[in-house]
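Participant: Following this message is one structure expressed as structure tokens.
Bear in mind that the values in this text are calculations on the coordinates, not laboratory data. It should be emphasised that the depicted structure is a prediction, and the values quoted were computed from it without experimental measurement. We place every Cβ from the backbone using ideal geometry, glycine too, and count neighbours over all the protein chains shown.
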Amino acid sequence: MITGVRRCGKSCLMDTIADELKKGGIPEENIYFYDLDSKDYNKIERADQLEQLLESIPNMQGTKYLFIDEVQNVKGFETVLNGFRGTGEWSIFITGSNSYLLSGELMTKLTGRYIEFEMFPLSFEEYEEIKRFYDKGIAADRQEELQNYILEGGFPRTIFLDTMAAKRRLLWALGESDCGDRLFCPVE
């Protein structure tokens with residue numbers, strides 16, 4: 001289970017794990033990735049719909065690797081995943097926000113049966129490394145760069161936006177979508 005605030009990189013980590021499995025020799029047909037926020041799967045909202053989707057995966061030799069992004073979109077997903085996990089045929093990876101995944105039935109239904117990886121926005125050092133990697137330029141004055149980092153919140157996506165106003169709009173939207181309140185004040 002990969003948890004963390006929205007847009008901190010949970011989906012990218014899951015993509016990386018799937019890529020590593022492929023590089024390690026796991027056949028691509030044994031790896032299934034479902035993004036429940038995507039147009040293709042956003043109608044899956046109930047446990048029976050999720051179960052039907054997973055049962056449509058063909059039987060095959062070896063472990064099946066299941067990746068479900070934004071699993072909290074499905075009411076009752078815990079029971080479905082616990083059932084599939086219990087067969088011993090599946091290795092299951094899920095993402096979702098902390099507030100959804102760490103509350104309610106998940107903790108009681110899967111206690112001791114999962115490993116949680118909690119992700120956070122980038123540290124200042126990671127932020128600088130990513131900017132260097134993507135050749136985004138770092139301010140010569142380290143205090144100025146620290147100020148940029150603080151204003152951007154350490155979220156990877158902000159590195160690809162050109163103006164501070166655009167970056168702050170993204171943070172404003174993230175704060176509102178996560179809890180219904182404004183976590184960040186826009187700075188123009």
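Participant: Can you give the FRET efficiency to the nearest 0.05 for residue 138 and residue 48, using r as the Cβ-Cβ distance and R₀ = 35 Å?
Facilitator: Efficiency computed from Cβ-Cβ geometry: 0.10.
Participant: By how many nm would the segment from residue 55 to residue 13 grow when fully extended, if each residue of separation counts as 0.36 nm and the alpha-carbon distance is taken off?
Facilitator: Extending this stretch completely gives an extra 12.6 nm.
Participant: Note the full-extension length gain between residue 163 and residue 40 as 0.36 nm times their separation in residues minus their Cα-Cα distance, in nm to one decimal.
Facilitator: Here the segment from residue 163 to residue 40 would lengthen by 41.1 nm.
Participant: Okay, next question. Report the Cα centroid-to-centroid distance between the range 116-138 and the range 18-53 in angstrom, as an integer.
Facilitator: If we compute the Cα centre of each part, the gap is 27 Å.
Participant: Among 4-11, 64-71, 78-85, what's the highest-first ranking by average C-beta atoms within 10 angstrom per residue?
Facilitator: 64-71, 4-11, 78-85
Participant: Would you mind calculating the relative contact order of the range 2-118 from Cα pairs under 8 angstrom and at least 6 residues apart, reporting the percent as a whole number?
Facilitator: With pairs under 8 Å counted, the relative contact order is 34 percent.
Participant: Given the pairs 43/75; 23/64; 131/167; 23/136, which are separated by over 21 angstrom at their Cα positions?
Facilitator: The answer is 23/136.
Participant: Would you please classify the overall shape of the range 124-179 from the alpha carbon gyration tensor, given that a ≥ b ≥ c denote the square roots of the eigenvalues, rounded means a/c under 1.5, and beyond that prolate means a/b larger than b/c while oblate covers the rest?
Facilitator: Here the range 124-179 falls in the prolate category.
Participant: Now, a different point. List the pair-distance distribution P(r) of the range 2-118, using every Cα-Cα distance, as the percent of pairs falling in each 10 Å bin from 0 up to the bin containing the longest distance, rounded to whole percents.
Facilitator: 13, 48, 36, 4
Participant: Another question, if that's okay. Work out the length of the dipole vector of the range 2-118 about its Cα centre, built from +1 on the beta-carbon of each Lys and Arg and -1 on the beta-carbon of each Asp and Glu, and round it to the nearest 20 debye.
Facilitator: Its charge dipole is roughly 180 debye.
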